[in-house]
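Worksheet: the structure to be examined is printed underneath.
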Amino acid sequence: MVTKFRRVQKTVGTTAPEEGVSEVRVTSMGRVNAFVEEAIERLVGSEKHVATKQIKVMARGTAIAKAVIVSEILSRRVPSLSQEVELGSSDVEDVFEPVGEHDDDVGNVTQVRIVPSLVVTLKANKEIKQEDIKEHEFIKRPALADPPSYRSGRPTGRSTYRFRPKNRKAPAAGKATTPVKAVADSTTEDDSAVKKQRRDRRRRKYKGKKEQDTEKVNNEAPLVGA
C-alpha cells in the first residue's frame, strides 16, 4: 500500500530584534519595491517606525537573491551607507504525517534539510532625511576607452594581413628541379601518354563495332518494292 504524507504546519518563533536595529525580512512572495520602501521608512522614520541609523535585510532559502537586490538598491538610493554581509545556514526539521488509509505501524516521518541564510547590515553615518533619498535610476554604461572600428556599418572582421618574419627568404622565381622530381614528372608524362593511347584504342574499337552493327541491320532489312 502506498502511503501519502503531508507536511505538518508548525509555528515559527520570531526573535526580537536588537535595540536600535530594525529588521526587514525579505520573503519569496513579496515585491522588491515593497521591501525597499519599508527599509526607507525605517531609516527616515514614519508614523509606524522610529527613525534608525541601522537596518538588517534578512532572507533565507530562495529569497536570498531578492534580498541582494533590495540591499543594492538601498545602497544606491540612500547616501552614506556602509554594508556588511553575513552568510550562514541552519538545519530545519520538517515533520510529515500520513494521510488517508495507511498501516498502523506507519507514523510521522522527520526530514532535516539545510537552509542557507543571508543578513545584510546597512549602517548610516548620519541622520537620514527624506530629501536625501535619491530616485531610483538606471546605471549608465561607461564609455569604452577604445571603441571598435567599423567599415560601412559592419565589423571589419579578421584582418587579411599575415605576419612574415624578416629573415624569411622569398621563394625563387623558377621552379627547382631535382633528379627525383624529374623522374617523377617523366613517369607522369609516360602514364598520361599510355592512358591516351588506351582511350583512343577503345574509341576506335567502339566506332568499328557500331559500324558493323549498322551494316548488319541494313543487310537483314527487306527490300521495299521487291
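A few notes on this one:
- Neighbour-count order for 31, 77, fewest beta carbons within 10 angstrom listed first: 31, 77
- Distance violations [Cα-Cα > 29 Å] among 10/129; 56/134; 10/53; 4/56: 10/129; 10/53; 4/56
- Remark: 29, 58 ranked as 29, 58, counting other beta-carbon atoms within 10 Å and listing the fewest first.
Computed from the coordinates by the stated procedures, all read-outs in this text should not be read as laboratory data. This is a predicted model, so every value here is computed, not measured. Backbone-built Cβ (ideal geometry, glycine too); neighbour counts: all protein chains shown.
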